[in-house]
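All remarks here apply to the structure that follows.
We did not get these values from a lab; they are worked out from the coordinates using the rules stated. All values reported here derive from a predicted model rather than from experimental measurement. Every residue, glycine as well, gets a Cβ built from its backbone with ideal geometry; the counts of neighbours run over all protein chains shown.
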């Protein structure tokens, strides 16, 4: 298995890329294949093998957490005994056992994110797409997800992890792809990217390749404006 970080500035195309791979959006040009299958022509077949964790999603607010996970599992045709066992284990692991019977409209942002993570994994997909998966999670839940990502890769899964939190990407990813303007500008292990760029962190690599020092200049301008 492998954990691949997908990085880029705002508007670079990260979320669009993930949605194309997930079969949600059709590519505007070129071709896209997942598991060797063309998209969007074979999107339904591709979706059977994918788990997708969006940064935010519209949930069925009137369902309980338990009911939502049951719906997701049954759509993926997970055998019922297996489904109930997995739901119980995931709710317990994510600290949601006491909230499984509560409606989703009562959930906090962090609780919703945990439900989305659980829903993405119920059918044991081979490819997991994560778009800012730590959004809204507390420290303990974020640590759990980082360990989970490593465990998924160790069990042979592929995880595509999109995030602006570069220190996390540096720690959990075997490979980092940086895109800008819809094009790949770097693709290698975090260690090699840092070595080749002469940077001590992945954040340093990112700044060199995508900004040309703009953040530092921008911060200075704001401070000067406040002083003036």
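Descriptive notes on the structure:
- Exposure proxy for 72, 173: other Cβ atoms within 10 Å of each Cβ, ordered fewest to most, give 72, 173.
- GNM flexibility winner over the chain from 23, 65, 11 (Cα, springs under 10 Å): 11
- Descending semi-axes in Å of the chain, equivalent ellipsoid built from Cα gyration tensor: 33, 22, 17
- The modelled label-to-label distance for the pair residue 57/residue 37, using points 7 Å beyond Cα in the direction of Cβ, is 1.8 nm.
- Acute angle (nearest 10 degrees) that the helix 80-93 long axis makes with the longest principal axis of the chain, alpha-carbon atoms: 50 degrees
- Legend: ranking of residues 128, 21 from fewest to most surrounding C-beta atoms inside 10 Å; resulting order 21, 128.
- Full-extension gain in nm, residue 75 to residue 223, via 0.36 nm per residue minus C-alpha separation: 48.0 nm
- Sequence-separation-based contact order of region 32-103, relative, with Cα cut under 8 Å and 6+ spacing, percent: 31 percent
- Taking all Cα pairs closer than 8 Å and separated by 6 or more residues, the relative contact order of the chain comes to 29 percent.
- P(r) for region 1-118, from all Cα pairs and a bin width of 5 Å, is 2, 10, 17, 18, 18, 15, 12, 6, 1, 0 %, short bins first.
- Between the helical axis of 109-121 and the longest alpha-carbon principal axis of the chain there is an angle of about 70 degrees.
- C-alpha long axis of helix 214-227 to longest principal axis of the chain, angle in °: 80 degrees
- Choice from 68, 206, 60 with maximal GNM fluctuation in the chain (Cα, 10 Å cutoff): 60
- Centre separation in Å (Cα based) which lies between region 1-28 and region 35-57: 12 Å
- For region 113-182, averaging the sequence separation of C-alpha pairs within contact (under 8 Å, six or more residues apart) and dividing by the residue count gives a relative contact order of 34 percent.
- GNM result for the chain, Cα springs below 10 Å: residue of 199, 58, 22 fluctuating most strongly: 58
- Between region 130-198 and region 90-122, the Cα center-to-center distance that results, in Å: 23 Å
- Mean ellipticity per residue at 222 nm, deg cm²/dmol - from DSSP H runs of n ≥ 4 across the chain, formula -39500 (n - 2.57): -14000 deg cm²/dmol
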